[in-house]
Amino acid sequence: MTLDPKVVETLQGVSTATLTTILLKKGLRNVWMRGTKPIRPGQPRVVGPAFTLRFVPAREDLATPASWASPISTRAAIEAMPEGCVAVADAMGVLDAGIFGDILCARMARRNVAALITDGAMRDAAGVLGTGLNVWCNGISAPPSVAGLTFVGWQEPIACGGVAIFPDDIVVVDDDGAVLIPAAFLDQVLAEAPEQETMEAWIMTEVDRGVPLPGLYPMNEETKARYAAFAKKT
């Protein structure tokens, strides 16, 4: 799946906090991936289709350095990643084995992967930072992935940070972490998100000028009328 550049541009203007509110109103409560923290401050908000990666617990006959040359390996998965995707890795929250290091991240950056997100850990932190790849993770660990995990496949349903992720679902990630937009809800979110951002920005201007919260947030009928008049002018 390739996202229309206009879709990416629209969602880059919408915070993950706003997206969780919109999805909550649609009955989707579990869309924020726990443990997805920016590896560096100031990373841009990233939008892209999910390219999923799945790890399971390490098994001694499978989780070996030799497995890195297997046809089913993180190396092979990286070569299958399309430009603009967001790689989402299910590491089961394991924090004592780093799933990717600088060399793998450098290859992802060269392939124009938009970001890597995992509920696990990274390794080679300084090197990863040097690649320029946007990364969200739950920590840093020196041991390699095979010290605690077995890589088993890509582009299949996974769980990352307690959220079910299917290939080509939409991921938006910023300083607050990663949020999933199910593909079937994308059009609805696109229709509502910009207006929600505009409305909340207007509410902030009202707060700044001293308007009390009751009746403002959420809006009562009088506030809705004032906001409608503002929106009409703009």
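The values are calculated or read from the model by the stated rules, or taken from the named source; none is laboratory data. Keep in mind it's a predicted model, so treat the numbers as computed, not measured. Positions of Cβ are generated from backbone atoms using ideal geometry, with glycine treated the same way; all protein chains shown enter the neighbour counts. Accessible surface areas use protein heavy atoms only, side chains included; no ligands, DNA or RNA. Shrake-Rupley method; radii C 1.70, N 1.55, O 1.52, S 1.80 Å.
Among (1) over 19 Å from Pro44 (Cβ atoms); (2) touching a residue at least 40 places away in the same chain (Cβ under 8 Å); (3) among the aliphatic types (A, V, I, L, M), there is one condition Ala114 misses while meeting the rest; what is its number? Ala114 satisfies all of (1) over 19 Å from Pro44 (Cβ atoms); (2) touching a residue at least 40 places away in the same chain (Cβ under 8 Å); (3) among the aliphatic types (A, V, I, L, M) except (1). Whenever a residue of region 85-104 is under 19 Å from Leu133 (Cα atoms), its partners that are among the charged types (D, E, K, R) and open to solvent by 30 Å² or more (accessible area, probe 1.4 Å), lying with C-beta atoms within less than 7 angstrom and at least six residues away or across chains, give the pairs Asp90/Arg54; Gly98/Arg123; Gly101/Arg123; Gly101/Asp124; Asp102/Asp124. Scanning region 203-234 for residues that are assigned to a helix (DSSP H, G or I), surrounded by fewer than 15 Cβ atoms within 10 Å (Cβ to Cβ) and not charged (D, E, K, R) turns up Met204, Thr205, Val207, Ala225, Ala228, Ala229, Phe230, Ala231. In the set (1) free of Cβ contacts under 8 Å to residues at least 12 places away in the same chain; (2) in contact with a Leu (Cβ under 6 Å, 6 or more places away or on another chain), the condition left unmet by Asp187 is number (2).
With respect to (1) exposed (fewer than 13 other Cβ atoms within 10 Å of the Cβ); (2) farther than 20 Å from Met81 by Cβ, the lone exception for Val179 is condition (1). Only a single criterion out of (1) more than 17 Å from the chain's Cα centre (by Cα); (2) part of a loop (DSSP other than H, G, I, E, B) is not satisfied by Thr150, namely (2).
Being surrounded by fewer than 20 Cβ atoms within 10 Å (Cβ to Cβ) and over 18 Å from the mean Cα position of the chain (by Cα) narrows it down to one of Pro157, Pro167, Pro144, so name that one. Can you show your working first?
Values: Pro157 fails: over 18 Å from the mean Cα position of the chain (by Cα); Pro167 fails: over 18 Å from the mean Cα position of the chain (by Cα).
Being surrounded by fewer than 20 Cβ atoms within 10 Å (Cβ to Cβ) and over 18 Å from the mean Cα position of the chain (by Cα) holds for just one of Pro157, Pro167, Pro144, which is Pro144.
Residues in region 125-133 include none that are open to solvent by 10 Å² or more (accessible area, probe 1.4 Å) and in contact with a Ser or Thr (Cβ under 7 Å, 6 or more places away or on another chain).
Here is a check on your reading of the model: is Met122 within 29 Å of Asn30 (Cα to Cα), modelled with pLDDT of 95 or more, open to solvent by 20 Å² or more (accessible area, probe 1.4 Å) and not small (Gly, Ala, Ser)? Working first, answer last.
Values: within 29 Å of Asn30 (Cα to Cα): yes; modelled with pLDDT of 95 or more: yes; open to solvent by 20 Å² or more (accessible area, probe 1.4 Å): no; not small (Gly, Ala, Ser): yes.
The answer is no for Met122.
Scan region 174-202 for residues that are under 26 Å from Arg40 (Cβ atoms), outside any helix (DSSP H, G or I) and not small (Gly, Ala, Ser) and jot them down. Selection gives Asp174, Asp175, Asp176, Val179, Leu180, Ile181. The one condition from (1) farther than 23 Å from Val14 by Cβ; (2) touching a Pro at 6+ places or on another chain (Cβ under 7 Å); (3) not basic (Lys, Arg) that Ile158 does not meet is (2).
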